[in-house]
1. Run the simple label-point estimate for B:Lys543 and B:Ala155 please: 7 Å along Cα→C-beta, distance reported in nm.
2. For the Cα atoms of chain B, what angle does the longest principal axis make with the long axis of helix B:458-473, in degrees from 0 to 90, nearest 10?
3. By per-residue mean of other Cβ atoms within 10 Å, what is the highest-first order of A:193-203, A:54-64?
4. With only Lys, Arg, Asp and Glu charged, each at its Cβ (+1 for the first two, -1 for the last two), find how big the charge dipole of the protein assembly as shown is about the Cα centre; round to the nearest 20 debye.
5. I want to check the label-to-label distance for B:Ile98 and A:Ile30. Put each point 7 Å from Cα in the C-beta direction and report it in nm to one decimal.
6. Residue-wise, which Karplus ³J(HN,Hα) couplings in Hz belong to region B:22-39, taking 6.51 cos²θ - 1.76 cosθ + 1.60, θ = phi - 60°, and x for glycine or proline?
7. Where a Cα-Cα gap under 20 Å defines reach, which aspartates and glutamates qualify for A:Lys54, not counting those fewer than 8 residues away within the same chain?
8. Cut-off under 12 Å on the C-alpha distance; same-chain residues fewer than 8 positions from B:Lys599 excluded. Which aspartates and glutamates are left, in chain and number order?
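A short reminder: the numbers here are calculations on the coordinates, not readings from a lab. In this text the structure is predicted, and so the values were computed from the model without any measurement. Reconstructed Cβ throughout: ideal geometry from the backbone, glycine too, with neighbour counts over all protein chains shown.
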Amino acid sequence: MNTIVCVKQVLDPEIPPAKFKIDPEAKQVIPPAGVPPVISVYDERAVEAACRLKDKHKGKITVISMGSAKAADVIKHAISMGADDGFVLQDPAFENLDSFGTAYVLSKAIQKIGGYDLILCGRQAADWGAGQVGSILAEILGLPVVTLACAIEAVDKKLKVKRMVSDGYEVLEAPMPSLVTVSSEIGLPRLPGGMGLMMARKKQIPIWKAKDIGAEPSQLDKAKAHTEVTGLSVPTRKTECEIIAGGTPGEAAANLALKISKLI
Amino acid sequence: MSPVSATYWSIPGYVIFWVLFAVAFGLFLQRFYLLYRLMRLGKQENRFDQIGQRIKNMLVEVVPQWCTLKTVTRKDLAGLAHALLFWSFSLFFISYIIFIGLAGGFGLSSLIERTPFETVYFSILDIAAVLVTLTLILAAVRRYIIRPPRLEPTAEAGIILIMVFSLMALHVLGVGFDHAARGVHASWPPLGAALAGFLSGTGISQGTLEAGYRWVWWLHYLVILSFMVYIPRSKHLHILASLVNAFFKPLGPKVALEPIPLEALEAPEGSATFGASKIQDFTWKDLLDFYACAECGRCHVNCPAQLTGKSLSPREVIHHLKEHLLETGPGLLANKTDASPGSQAEAPGKTMIGDVVTEEEIWACTTCGACQEVCPVNIEHIRKIIDLRRNLVMAQSKMPESAQLMLRNMQQRGHPWAGVQSMRLRGDWTSDLELKILAEGDNADTLFWVGCTGALVERNVKATLSMTRVLKAGGVDFAVLGDAETCCGDPARRAGYEFQFQMMAEQNIELFKSYNIKEIITTCPHCYNTIKHEYPRYGGDFKVVHYTELIADLISQGKLKLTNELNSKLTYHDPCYLGRYNSVYSEPRRILQAIPRAKLEEMERSRDTGFCCGGGGGLMWIEEQPGTTKINQMRIEDVIKTGVDTVVAACPYCLQMFEDAIDHKGIKESLKARDLVELVEAAMKQF
């Protein structure tokens, strides 16, 4: 069973709010110094899902990441977890693409790799959180898509996917190949073992440019982007505290209920 | 005339003597050879350097009995009895060679018997026999009546006590019958002579006395031979193995871990081993440790995990691994092709991790080193436990979730603090201080290595700030790495994630070298121990100083003057990695004594007997295993007993552990936990 996993390198979500700076003019986040970027948490879970399938059914895991040359680090991280191969998609033409542009670039790389039974993405990126690339990618590749998976099984050449819904989960069956986006409910990603760390250490990660994957410049034209960032701001949080009075705890509770009912 | 020169059932006594000896010695060698071959199942390890020093260690520990006497100061008088038994029995052992071997077996009795030498030696043996008998009685009373927790009243122990007593009794009986049969009326050796007087008085015929002498002699000889056969088959193997183990004991740092060479992983997939999952994954020295164990249980009663009700007992770990080796080893040897050192062959039956040593036991160890400190026979418990962790973490990917979170953070973020605590970035603490933060191309002789906890955790950052102000006041020229500093690797290494440690060590060493750093000051004893003792293996030779050593030095040179009165009663807690691991005991105390009106009270468990705070070995992050209480809560009781108002720590983990325990007990008003450097700053003349 051959799987391709798309991963993204993001700012460490654990950086403290005080260190998080943006440039409202350029509508960009200013990366803080001294904090290395990490693999997007949902994408790491997609790698974990791929590894679990490989543990059971053998096969090959290929990881791709569109981003800077530093994205080789997240590919290596995936290899240390159990992936076999990986490529970084880096080209000035790929910078600041929207979800549609990103999905297009990924689709070209996936077509170049070929021979896949399953494509996995994280449910959304841990930075922008649009959650669209997976579905658009499936559309481009003409594949069925299941989003928000919390468990994936391969049974009789078909995929059995548990999908998170607001009050539980549903179980879906999908043919192979399909595209599945993975949610965090799948569980904690594994710690890379000794063998994995060594594999990652030895591995050279090739960089593919636009021409390597045959990406059409017309498709990468930012002027044709479907989405546009119109503004960027850090949300401000305001906390106000009000003590709800009442003669007895019962009265206080009633007053509280009254207050809440007015706010809703 | 020695009874050997007589003839029995027309067989010459000499023939009987040597046939019996050959059988017993054969049985001894057979067992010995098996144990040797089992030991060779282990992996290679070089312990043959500095032979002279090793011989010296062996003699210094064993002959004056330092091995067991060292714990006498801990109100453990068993060492005295052991020393008496050892010296007395050594005299008996020599007497067997002279009076049984040479005089009997080699027919030299005419040269030895009835000489003044014999009289003097036997007189000494009489005294020794009395001492031995007394110690045997004490030993029996302890084992079977008092039953202290460290001793198991095993049958093996009883057999040996009876055997040794028989040897004493048969010796005295022999002398008595001999003298009585020959009509010797002497007053030396006292016991033998008195017995002879008694036997003569009973009117037993000379012939019976002579026959009695012969039978006592042969019986004595048989017991000596059975002793020889029994020893390598029982826990009393330690008599021989501990001697060898003293020879092979580590010559460098007291607690050392063996690195897994990174090159070993270039091996084809599947053939590399990570840590120990099978008995043959340990080194031969580890297996020798099992033989050396006398099950004395000193480790058992000093282990903080055991004392707080966890399932871990260092004694049981060693004992169970020894049993596992003896059970599975012969099968591995029989299947010779698989029995190469470190081979993949799985011994049938029990799995080592799970059945022999449980995961719960493996994760309960704080690596505090109390077990190794008290062990009379130089067993290295900790590295075995780390080897088991290495296998769980790197080969099986099985570990407590808290361990996994910490290790993932080490891997991705270069420090062990995840979540809320890491909200303070490494560089943050340096703001508003005029510090020399190293940047590319800079050079510095002295580096202040802050350490993750000192840079990231709010409480510990306070101590770090005090530290920089004290260093400046003392006129120390130092630089820091700012946000380029990562973890030293200690938590990864103790949790069994060896490769992560090695990568961090290599990176850090490269970084230090790029700034031409010569000397490194640390506040954390774990960083101190790692950089000082573990980095040299990877080419990092730096002078490493703990801040307690440095400040003590600055005070004695008059560069730091502690003039402010503190008016406080305090106690000092020895961090394991500073005290036991590195023997830094006096410097912190000297500093505290230099503070005006600070009264230092010692806890009962202090210096080398110091009790862990619970935070070592990665357990600062890994959830404590289920037990009856937490280790830090037990330790805070020690503090409370001294009646002080401040407990002083010289380690960021200890400081946090104490604050937790104080919070938990709700005694914040009466007891404070302070870092030593914070007190130094408070006592310093303000500039």
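1. Distance between the two pseudo-spin positions: 6.2 nm.
2. 80
3. Values: A:193-203: 19.7, A:54-64: 17.6.
Ranked from most to least packed, the peptides come out as A:193-203, A:54-64.
4. Details: 100 positive and 100 negative charges, 256 e Å.
The dipole magnitude comes to about 1220 debye.
5. The answer from the label model is 9.0 nm.
6. Couplings: 4, 4, 5, 5, x, 5, 4, 5, 4, 5, 4, 5, 4, 4, 5, 5, 4, 4 Hz.
7. List returned: A:Asp43, A:Glu44, A:Asp84, A:Asp85, A:Asp117, A:Glu153, A:Asp156, A:Glu173, A:Glu185, B:Glu269.
8. Within reach: B:Glu565, B:Asp645.
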